[in-house]
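The values are calculated or read from the model by the stated rules, or taken from the named source; none is laboratory data. Keep in mind that this is a model prediction, so the values were computed, not measured. Note: ideal-geometry Cβ built from the backbone for every residue, glycine included; neighbour counts use all protein chains shown.
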Amino acid sequence: METNIGITPDHLNEVVTSLSRLLADEFILYTKTRNGHWNVEGRDFHTMHIFFEEQYEKLDDVLDAVAERIRMLGRYAPATMASYLSLTHLTEESHEKNNSVGFIAKLLADHEYIIRMLREDIARFANDFQDFGTSDFITGLMETHESMAWKLRAHLK
C-alpha cells in the first residue's frame, strides 16, 4: 500500500534517500565507536572502555530511530553491510596506535560531519519537501550528536 501522508512521492523519495544515507553514516560511526571500545589501549583503558560503551549505546538507539523513521515513511530501511558501505559518507578507519586520543579525534570528526549534514537537512526537509516531522526528528538527532561531540571534545582538551 502506498504511503499517503501529505508528502509527494518525489519528495518522499528524496527524504528516504537522505535518511538511508544517514542510517549508513550512523552505522559506520557505531562500528567505529565499538572498535574504540574493544581495542583502546593505554593508562586510561578502563575509563575509555566504559566511555566508548556509553557512546555506542546511544548510537544504537539512534540507528533504531532512523530505521524506524524510514519505515514510518513507508519504505524499507537499508540493513546490509554492502548497502551501508555504498551509502555512507564516512570512511572505515584502522589505527596504527589504539590510544584514546586517536579514536576520539576520528570519532569527533565524524560526529561533527553528521551535525553539519543534519543542520543542512533540517530546513531542506521542512521547506523543500514539506516534511516537518522528519525535520523535527533530525533536529533531535542533531542535538544528540552535539552532546556526544561535546563529550568527545572535552577529552581532547
Q. When residues of segment 137-157 are filtered for being within 12 Å of the chain's Cα centre (by Cα) and of a type in the set (D, E, K, R), how many remain?
A. 2
Q | Selection status of GLU14, touching a residue at least 60 places away in the same chain (Cβ under 8 Å), out of contact with any helix residue (DSSP H, G or I) (no Cβ under 7 Å at 6 or more places or on another chain) and charged (D, E, K, R) | A | yes
Q.
Here's a check for you: in segment 79-93, which residue that is among the hydroxyl-bearing types (Ser, Thr, Tyr) and surrounded by 13 or more Cβ atoms within 10 Å (Cβ to Cβ) is nearest to the chain's Cα centre (by Cα)?
A. THR88
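Yes/no matrix, rows are residues, columns are (1) hydrophobic (A, V, I, L, M, F, W, C); (2) over 15 Å from the mean Cα position of the chain (by Cα); (3) in a helix (DSSP H, G or I):
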{"position": "ASN13", "(1), (2), (3)": "no, yes, yes"}
{"position": "PHE27", "(1), (2), (3)": "yes, no, yes"}
{"position": "GLU68", "(1), (2), (3)": "no, no, yes"}
{"position": "ALA77", "(1), (2), (3)": "yes, no, no"}
Q.
Restricting to segment 96-134, count the residues that are surrounded by fewer than 17 Cβ atoms within 10 Å (Cβ to Cβ), among the acidic types (Asp, Glu), more than 22 Å from LEU12 (Cβ to Cβ) and modelled with pLDDT of 95 or more.
A. 1
Q: Tell me which residues, restricted to segment 14-47, are of a type outside the set (Ser, Thr, Tyr) and surrounded by fewer than 16 Cβ atoms within 10 Å (Cβ to Cβ).
A: TRP38, ASN39, GLU41, GLY42, ARG43, ASP44, PHE45, HIS46
(Q) Test of understanding: among LEU90, LEU118, which residue is among the aliphatic types (A, V, I, L, M) and part of a helix (DSSP H, G or I)? (A) LEU118
(Q) Can you tell me how many residues within segment 29-47 are among the small types (Gly, Ala, Ser) and not in a helix (DSSP H, G or I)? (A) 1
Q.
I'd like to check something: does segment 55-75 contain any residue that is touching a helix residue (DSSP H, G or I) at 6+ places or on another chain (Cβ under 9 Å), farther than 21 Å from THR139 by Cα, of a type in the set (Val, Ile, Thr) and modelled with pLDDT of 95 or more?
A. no
Q: Run ILE50 past the list (1) in a loop (DSSP other than H, G, I, E, B); (2) among the aliphatic types (A, V, I, L, M); (3) surrounded by fewer than 20 Cβ atoms within 10 Å (Cβ to Cβ) and report the number of the one that doesn't hold.
A: (1)
